[in-house]
Amino acid sequence: MLYKLWEGSWDEDAVIRDRSSRIYADPAKVRTIRHDGPFYKVEGPHLSEPSPQRTPVLLQAGSSGRGLRFAARHAECVFIAAPDKAAAKKAVTGLRQAVADAGRDPRAVKVLIGVNVTVDDSEAAARDKLEGHRAHASAEAGLAHFWASTGIDFEPYGLDDPIPYGPGNALQSATALAQSRGWTKRDLLAQLALGGRYPLAVGTPAQVADELESWVREADVDGFNLTRLASPGTYEDFARLVVPELQDRGSYKTRYAPGTWRNKLTGQGDRLPSDHAAAAFRRGMVSQAAK
């Protein structure tokens, strides 16, 4: 339904903006979209003219079977979580293969992994800062968050009891990873000492940059979802210390590219490529795609 509205409702030249004639758009070039689906029914045009991108950049999170199928067909950026580079590499390889199987360029999807960063001018100062974060974090709160994510109540289990992870309607990728690793409550509390499950990069700007670049090289990720251990301190430290280091190495932009966000991400223009599912709903293909 959304692709029909974004891609097919307005012609490229529908907007006239003729002030003297008081005509904003040519009504013959703005079409009604008739959608009768199991969840929504829509009969009308898109209410505003399309942006230069038409369909906005599509981001997806989650690597369950259902999430992977959705990402392969629709996503442009995918957020993943992994405790180490081997697990991340496995997830990225599976995702890129699914994208290729869907008939799309597997490199067209940007994979972003969550990461915690603690940085300072010296390694000793960074380690001291990290201990300060640990002192104010709660592993039990992190476990409660993991409970909410997986739907598993960890309260009845001892620290080293086996936990019967199983399928459910919660975050399936996290549950499957915990099951494959055989994580106990003790394991989870150790991982969640900072309140979250993301991997940690700590040290000087050069050490942090080395670690981030190794994730790109070894796990085949395209970028990072920087989480905060302290706000706004985490972001301020990263911008002040790590960004200049990455720029000096040529690993981070020094200026923004022109155009829309999609063009900044891909360098391939403002619109979705022709191998994306949305392209089937563009003008001239709408009636066939809607059948």
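The values are calculated or read from the model by the stated rules, or taken from the named source; none is laboratory data. Computed from a predicted structure; not experimentally measured. All Cβ positions, even for glycine, are placed from backbone atoms using ideal geometry, and neighbour counts span all protein chains on display.
The lone criterion from (1) part of a helix (DSSP H, G or I); (2) under 25 Å from residue 106 (Cα atoms) left unmet by residue 186 is number (2).
Residue 151: in the same structural domain as residue 201 (by TED's automatic domain parsing), on the phi > 0 side of the Ramachandran plot and either within 27 Å of the chain's Cα centre (by Cα) or not small (Gly, Ala, Ser) (or both), yes or no? It is true that residue 151 is in the same structural domain as residue 201 (by TED's automatic domain parsing), on the phi > 0 side of the Ramachandran plot and either within 27 Å of the chain's Cα centre (by Cα) or not small (Gly, Ala, Ser) (or both). Just checking, does the stretch 237-247 include any residue being under 30 Å from residue 83 (Cβ atoms), of a type in the set (Lys, Arg), outside any loop (DSSP other than H, G, I, E, B) and out of contact with any strand residue (DSSP E or B) (no Cβ under 6 Å at 6 or more places or on another chain)? Within the stretch 237-247 (the criterion being under 30 Å from residue 83 (Cβ atoms), of a type in the set (Lys, Arg), outside any loop (DSSP other than H, G, I, E, B) and out of contact with any strand residue (DSSP E or B) (no Cβ under 6 Å at 6 or more places or on another chain)), the answer is yes, since at least one residue qualifies. Is there a residue being more than 24 Å from residue 135 (Cα to Cα) and among the small types (Gly, Ala, Ser) anywhere in the stretch 216-229? The answer is yes; a qualifying residue exists. Quick check, is residue 214 surrounded by 13 or more Cβ atoms within 10 Å (Cβ to Cβ) and not basic (Lys, Arg)? No: the conditions fail for residue 214. Of the listed requirements (1) out of contact with any Gly (no Cβ under 6 Å at 6 or more places or on another chain); (2) at pLDDT 95 or above; (3) among the small types (Gly, Ala, Ser); (4) in the same structural domain as residue 199 (by TED's automatic domain parsing), residue 144 misses just one: (2). The one condition from (1) hydrophobic (A, V, I, L, M, F, W, C); (2) assigned by TED's automatic domain parsing to the domain that holds residue 199; (3) in contact with a strand residue (DSSP E or B) (Cβ under 8 Å, 6 or more places away or on another chain) that residue 125 does not meet is (3). Among the helices (runs of 4 or more DSSP H) confined to the stretch 1-108, the ones with at least 1 residues that are at pLDDT below 95 and more than 22 Å from residue 262 (Cβ to Cβ) are located at 65-74, 85-101.
Quick one: would you say residue 96 is farther than 19 Å from residue 200 by Cβ and touching a His at 6+ places or on another chain (Cβ under 9 Å)? So residue 96 does not fit the description; no. Can you confirm whether residue 178 is part of a helix (DSSP H, G or I), among the hydrophobic types (A, V, I, L, M, F, W, C) and surrounded by 15 or more Cβ atoms within 10 Å (Cβ to Cβ)? Yes: the conditions hold for residue 178.
Scanning the stretch 109-127 for residues that are crowded, with 20+ Cβ neighbours inside 10 Å and assigned to a strand (DSSP E or B) yields 111, 113, 115, 116, 117, 118, 119.
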